[in-house]
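This report concerns only the one structure given below.
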Amino acid sequence: MNFEAIKAIYYYEMARTRRTLLQSVISPVMSTALYFIVFGAAVGPRMQEIEGVSYGGFITPGLIMLTLITQCISNGSSGIYFPKFTGTIYEILSAPVAMAEILIGYVGAAATKGMMIGLIILATAAFFVDLRIDHPLMMFFFMLLTSITFSMAGFIIGIWAKNFEQLSMVPMLVVPPLTFLGGTFYSVSVLPPFWQTVSHFNPVLYLVSGFRWSFFEVSDVHPLISLGMIGLFLAICLGFLTFVFRTGYKLRP
């Protein structure tokens, strides 16, 4: 394992975050903070508690997960797309660096950025809503596993995308609807039976539900099932990336 190559890619990507601090960190944190102000501090006190949890606290895990997924996909996709766009990817591919080392460097940096933003948002939420974390280790594990998985998904999107429109399509058009329909602002138990069944086909439901359980021991799905679904998605991403590495799909002419 070439750790120097991994470190070089990782540090380069983290340095890019420092150069775009306003866009990479401050903007998503401020956008999510507005949700806490509106739904947590303003609307929350007028809403009924959900399974003994204040409304502001109930939506906090979902909002963190929304930002975490979006940022990991965006960082993971842009990290590999821009070297493809500028042509510098060929310098990396011609260097004595294995594909697995390239993956670890890019995905590790994207996951680190996502974790940083998620933890900053969690700290910010404490100023606006009443929070408790019943299982902090599980909360951190859910965040870490989700960050790695969706950074890999973003890496796949960056390899697949031919232009900037395709690059932003999934983070902007696919992830937000799935997250909002995955129990971010409500418990799916309040839905009619038919829509409860439909909701269980939404993969984001399992992420939000498991992450919420680590805070309040309240969930729509058993936390072990949530972990299993994340593990399944991770396995799918690894399987596709194995195919990419073996065939050079959209990486080599």
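The values are calculated or read from the model by the stated rules, or taken from the named source; none is laboratory data. Keep in mind that this is a model prediction, so the values were computed, not measured. Cβ atoms come from the backbone with ideal geometry, glycine included; neighbour counts cover every protein chain shown.
General remarks:
- Here TYR249 fulfils each of the conditions (1) out of contact with any His (no Cβ under 8 Å at 6 or more places or on another chain); (2) in a helix (DSSP H, G or I) apart from (2).
- Any pair with Cβ under 9 angstrom, 6 or more apart, that starts in segment 2-28 at a residue that is small (Gly, Ala, Ser) and ends at one that is surrounded by fewer than 16 Cβ atoms within 10 Å (Cβ to Cβ) and assigned to a helix (DSSP H, G or I): SER24/ARG18
- Verdict on VAL208 being in contact with an Asp or Glu (Cβ under 9 Å, 6 or more places away or on another chain) and part of a helix (DSSP H, G or I): yes
- Close pairs from segment 178-189: first closer than 13 Å to VAL53 by Cβ, partner assigned to a helix (DSSP H, G or I) and acidic (Asp, Glu), Cβ under 8 Å, at least 6 apart: none
- For segment 5-103, the helices (runs of 4 or more DSSP H) that sit wholly inside it and include 2 or more residues that are touching a Lys or Arg at 6+ places or on another chain (Cβ under 8 Å) and not acidic (Asp, Glu) are 55-86.
Residues are listed down the side, and each one gets a yes or a no for (1) of a type in the set (A, V, I, L, M, F, W, C); (2) farther than 26 Å from LEU224 by Cα; (3) at pLDDT below 90:
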{"residue": "ALA111", "(1), (2), (3)": "yes, no, no"}
{"residue": "MET115", "(1), (2), (3)": "yes, no, no"}
{"residue": "ILE121", "(1), (2), (3)": "yes, no, yes"}
{"residue": "ARG132", "(1), (2), (3)": "no, no, yes"}
{"residue": "PRO136", "(1), (2), (3)": "no, no, no"}
{"residue": "LEU144", "(1), (2), (3)": "yes, no, no"}
{"residue": "SER147", "(1), (2), (3)": "no, no, no"}
{"residue": "GLY154", "(1), (2), (3)": "no, no, no"}
{"residue": "GLY158", "(1), (2), (3)": "no, yes, yes"}
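- Options LEU205, LEU137; residue that is crowded, with 21+ Cβ neighbours inside 10 Å and out of contact with any Cys (no Cβ under 6 Å at 6 or more places or on another chain): LEU205
- Close Cβ contacts (under 7 Å, 6 or more residues apart or on different chains) running from residues in segment 226-243 that are hydroxyl-bearing (Ser, Thr, Tyr) to residues that are in a helix (DSSP H, G or I) comprise SER226/TYR206; SER226/LEU207; SER226/SER209; SER226/GLY210.
- Among the residues here, PHE140 does not qualify as in contact (Cβ under 8 Å) with a residue 24 or more places away in the chain and of a type in the set (Phe, Trp, Tyr).
- Within segment 106-121, the set of residues being buried (at least 19 other Cβ atoms within 10 Å of the Cβ) and within 18 Å of VAL208 (Cα to Cα) comprises ALA111, GLY114, MET115, ILE117, GLY118, ILE121.
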